[in-house]
1. Roughly how big is the chain's charge dipole about its Cα centre, with Cβ charges of +1 (Lys, Arg) and -1 (Asp, Glu), in debye to the nearest 20?
2. Relative to the longest principal axis of the C-alpha atoms of the chain, give the angle of the C-alpha long axis of helix 20-35, reported between 0 and 90° and rounded to the nearest 10°.
3. I want to check a number: in the chain, how many lysine pairs have alpha carbons closer than 26 Å, given a sequence separation of 8 or more or different chains?
4. Take peptides 170-181, 266-277 and line them up by average Cβ neighbours within 10 Å, highest first, as a rough protection proxy.
5. Using just the helices of the chain, give the 222 nm mean residue ellipticity in deg cm²/dmol: DSSP H runs with n ≥ 4 each add -39,500 (n - 2.57), and the total is spread over all residues, rounded to 500.
6. Ignoring ligands, DNA and RNA, please state the percent of accessible area on the chain from carbon and sulfur, probe 1.4 Å.
7. Could you do me a favour and compute the accessible area per residue for segment 104-217, 1.4 Å probe, result in Å²?
8. Using only Cα atoms, find the angle between the long axis of helix 137-148 and the longest principal axis of the chain, and express it within 0 to 90 degrees, rounded to the nearest 10.
Amino acid sequence: MIATLLFIAFLALMLLGVPIGAALGLAGAVCIALANSDAQWFGLLAVPQNFYAGLGKYPLLAIPMFVLVGSIFDRSGVALRLVNFAIAIVGRGPGMLPLVTIGVAMFMGGISGSGPATAAAVGGVMILAMSRAGYPPAFAATVVGAAAATDILIPPSVAFIVYSVLVPQASVPALFAAGMIPGILAGLALIVPAVLISRQHNMGQLESTMPRPPFWRSLMEASWGLAAPVLILGGMRLGWFTPTEAAVVAVFYGLFVGMVVHRTIKVRDLFVILRESGELSAVILIVVSLAGIFAYSLSTLGVIDPVANAIVNSGLGEYGVLALLIVLLITVGMFLDGVSIFLIFVPLLWPIVQFYKWDPVWFGVILTLKVALGQFTPPLAVNLMVSCRIANVRMEETVRWVGWLLFSMFLVMVAVIIWPQLALWLPHKLGY
C-alpha cells in the first residue's frame, strides 16, 4: 500500500507542477514517515542522511565542471569557428548546412557533454544560418535538437557520469569509450535523412550562392576548438588525469581560449558564466540528491524486487523484456530529463540486468541511447524545447520532420542491441 502511494504521490506532485527533484524527495520522505510511524521521528533522520549520500560522490564533481565548460565554449565563439571550418570542408549546397550542424554538434559533445547546452550553443549559430539559406525554421530547430541528442553518448557525458555513480561495476572511462562508436553512428544516422529531406524538398537553395570560407584560414581559427576533445580524452587515456580532473583542465583550457586567444570573453563576462553554470549545476545536483531519498524508499519498502520479478517472470523472454524497456524509457524520456530517468529507473532495472547477465557497460549505452531518443521526441523534448525557442517556432511544427530522424537513431540502438561489440569493442581494446 505504501509502495503504491510512493509512485502515486510522485506522479500527483509532478502533475501539480512541483519540480521533479522536489517531487522525488517529498514522495520518498512521506513514504519513509508512513513506513516508520511507530519509530522515533518517524524514521525521518534517514532523509538528510540519504540527501547527503546521494550527493557525496567524487565522480559527481565532474558535472558542474563540464556544465561550466559548455557555457565557456558557448561564449568563446568556438562553435562559430567550427561551423566555418566544416563549411570550408564540405562546401555549400542543399543539405550541406544540416550536415554541418550535426557534425559540429557531435564535436561540441566532445567538449561539454550536455544536450541542452549544445542545442543552445550550436542553435544560436546554425538556426539563423539555415534560415538565411532558405531552410524552414521548424526544420532547422528539428536538426539542431536531434543533433544535440548525440552529446550524451559522445564522451565526456554527464549521463555516463551519473550512471557510473549508480552502477559502480561500470567505470567512467569504460563508459566514455563505449559511447564513442554508437555516438558517431547516431550522428551519421541523423545526417542521412537530414540531407535527403533537404534535397527532396529543395531546401537551402540560397545556400549555394553564399561564399565558401577559405580552408586554411578557417582551420587556423578552429584549431583551438579542435584541440579541446583531444586534450580532454587524450589526457584521460594517457593517465594524466581522471575524468573529474579532466573537467577542471577543460575549464581552464576554455578560459584560456576565450580570454587570451579569441578574446571573446571579458572579465566582466565571468560572473554571468559562473552564475548560469552554477544555477544549472545546482538543479542537476539537487535532483541527484533528492532522488537518493526516493531510491532509499524504493529499497526499504521492498519495491525493487517485486517489480523486477514481475518483469522477469512475465513470459516475454530476454528480448521481449528489452523491447518493453525500450518502449517504457523512450516514453518516459518525452517527459523527464536524462538524469532523472537514470536516478529513478536504474535502481529498479539493475536486478533485471543481473538476472539476464547483461554487461553493465553495454546496458548503460543502451539506456543512454533510449534517453537520447527521448530528448527530441515531442511533446516535452528538452533539446527540441531549446532549439524551438531559438528558432521562435512551436514544437508542433517540428513533428513533420522529427519522425525520420527518430527512426534513424532508433535503428542505431537496435544495431547496438544486436551487435553488443559496437559498444564493447573499444573499451576492451583500451583495456577497461
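1. Working: 19 positive and 15 negative charges, 232 e Å.
The calculated dipole for the chain is roughly 1120 debye.
2. 10
3. 4
4. Working: 170-181: 24.1, 266-277: 13.0.
Output ranking for 170-181, 266-277: 170-181, 266-277.
5. When only DSSP H runs of four or more count, the value is -24500 deg cm²/dmol.
6. Taking all protein chains in place, the chain shows 70 percent carbon and sulfur surface.
7. On the way: 3650 Å² over 114 residues.
Roughly 32 Å² per residue, with all protein chains present.
8. Between helix and principal axis, roughly 60 degrees.
The values are calculated or read from the model by the stated rules, or taken from the named source; none is laboratory data. Predicted model only: the values in this text are computed from it and were never measured. A quick note on method: Cβ atoms are made from the backbone with ideal geometry, for glycine too, and the neighbour counts reach across all protein chains shown. Heavy atoms of the whole protein, side chains included, go into the accessibility calculation; ligands, DNA and RNA do not. Shrake-Rupley method; radii C 1.70, N 1.55, O 1.52, S 1.80 Å.
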